[in-house]
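First up is the structure itself, then whatever we jot down about it.
Values quoted throughout were computed directly from the atomic coordinates according to the rules given, and no laboratory measurement underlies them. All of these numbers come straight from a predicted model, not from anything done at the bench. Using ideal geometry, Cβ is built from the backbone for each residue, glycine included, and neighbour counts are taken over all protein chains shown.
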Amino acid sequence: MKPVIIEEEPITILELKQDLAKLKKRLGELDYRANKAESYVEKVLKLKKSQHDELKKRLTEANISRLKPKHIAMIINLLPRSVEQLKAYMHDATLKDSDLKKIVDIVKSVVGD
């Protein structure tokens with residue numbers, strides 16, 4: 001039987017780590033793919049929970065009209081430190097330069113340079 005997708009929601013790497021921990025607690029151990037994902041998460045996770053939550057809150061409250069949840073998750077995962085980096089990541093959203101600068105400034109203020 002093929003699984004049915006009920007809802008699709010972008011998540012950050014930290015949220016994936018938390019979901020995998022819940023799954024591991026419930027099942028006792030993870031399958032091969034989940035173990036690979038857990039290993040990857042441990043290697044690439046750059047933020048503490050407090051930084052993650054603050055960054056997500058500030059990006060959401062920035063009221064940038066074309067910034068969608070998928071973009072917020074991507075920004076939190078990649079942590080762009082320049083407008084040029086952000087432009088490369090945001091190929092599917094048209095944002096004003098002032099909005100791009102605002103996003104980069106938020107990332108730098110929460111995470112540092």
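Counted by neighbouring Cβ atoms within 10 Å, the residues Thr12, Thr60, Thr94 run from fewest to most as Thr94, Thr60, Thr12. In the list (1) 101; (2) 122; (3) 138, the label attached to volume of the Cα convex hull per residue in Å³ as derived from the coordinates here is (3). Mean separation of Cα pairs under 8 Å and 6 or more residues apart, divided by the residue count, gives the chain a relative contact order of 30 percent. Over all projection directions, the Cα-based convex hull of the range 49-111 averages an area of 3.6 nm².
Where does helix 13-27 land angle-wise versus the long Cα axis of the chain, in degrees 0 to 90, nearest 10? Helix 13-27 sits at roughly 10 degrees to that axis.
Taking the C-alpha atoms only, the angle from helix 49-61 to the longest principal axis of the chain is near 50 degrees.
Across the range 1-20, the residues whose backbone nitrogen lies under 16 Å from the label position 7 Å along the beta-carbon direction of Asp31 are 1-5, 20.
Does anyone have the angle between helix 69-78 and the longest principal axis of the chain? Alpha-carbon axes, 0 to 90°, nearest 10? Between helix and principal axis, roughly 90 degrees. Along the chain, the longest continuous region that contains none of the trypsin sites (Lys or Arg not before Pro) in a DSSP loop with at most 15 other C-beta atoms within 10 Å is 1-45.
Look at the Cα gyration tensor of the range 1-60: its axes a ≥ b ≥ c give a/c of at least 1.5 with a/b at or below b/c, and that counts as oblate.
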